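The values are calculated or read from the model by the stated rules, or taken from the named source; none is laboratory data. Fair warning: this is a prediction, and the values are worked out from it, not measured in the lab. Cβ placement follows ideal geometry from the backbone for every residue including glycine, while neighbour counts extend to all protein chains displayed.
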Amino acid sequence: MIGVTAKLKIADGKEAVFEEAAKALAAKVNANEEGCLMYELYKSPSDSSVYIFLEKYADQAAFAAHGKTDYFIAAKPALGACLAGAPDVQVFHAVE
């Protein structure tokens with residue numbers, strides 16, 4: 001099992017645009033990726049410009065496939081245009 005956190009800082013005034021694009025992406029991931037067991041977006045209660053994707057994949061192959069989907073690749077420019085800096089992506093392996 002692979003766990004991923006992707007922490008994103010969004011530029012001032014771009015939160016609504018980011019949320020729209022991110023929610024659309026999450027809907028596509030959850031509808032189409034059998035190996036993606038969780039793909040959810042959260043917003044910080046203490047800083048409205050900070051978001052995190054919490055992701056869970058069945059295995060490394062499912063995680064790798066996620067980044068190659070047409071809808072993920074297509075969403076990157078819209079999401080990237082909202083960022084105030086580089087995303088902090090962390091990948092973890094389940095302790096079993």
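Of note:
- Hits in the stretch 71-85 (condition: exposed (fewer than 15 other Cβ atoms within 10 Å of the Cβ), among the small types (G, A, S) and within 13 Å of the chain's Cα centre (by Cα)): G80
- Residue match in the stretch 18-41 (condition: under 18 Å from F72 (Cβ atoms), in a strand (DSSP E or B) and acidic (D, E)): yes
- Scanning the stretch 51-70 for residues that are touching a residue at least 40 places away in the same chain (Cβ under 8 Å) and surrounded by 16 or more Cβ atoms within 10 Å (Cβ to Cβ) turns up Y51, I52, F53, E55, K56, Y57, A62, F63, T69.
- Top-ranked residue of the stretch 47-71 - restricted to ones that are assigned to a loop (DSSP other than H, G, I, E, B), hydroxyl-bearing (S, T, Y) and closer than 17 Å to A16 by Cα, ranked as modelled with the lowest pLDDT: S48
- Enumeration of residues in the stretch 18-49 that are of a type outside the set (K, R) and buried (at least 16 other Cβ atoms within 10 Å of the Cβ): F18, A21, A22, L25, A26, V29, E33, G35, C36, Y39, L41, S49
- Residue in the stretch 4-17 that is surrounded by the most Cβ atoms within 10 Å (Cβ to Cβ), counting only those that are part of a strand (DSSP E or B) and over 12 Å from the mean Cα position of the chain (by Cα): I10
- Residue list for the stretch 9-51, filter: over 19 Å from Y71 (Cα atoms) and among the hydrophobic types (A, V, I, L, M, F, W, C): I10, A11, A16, V50
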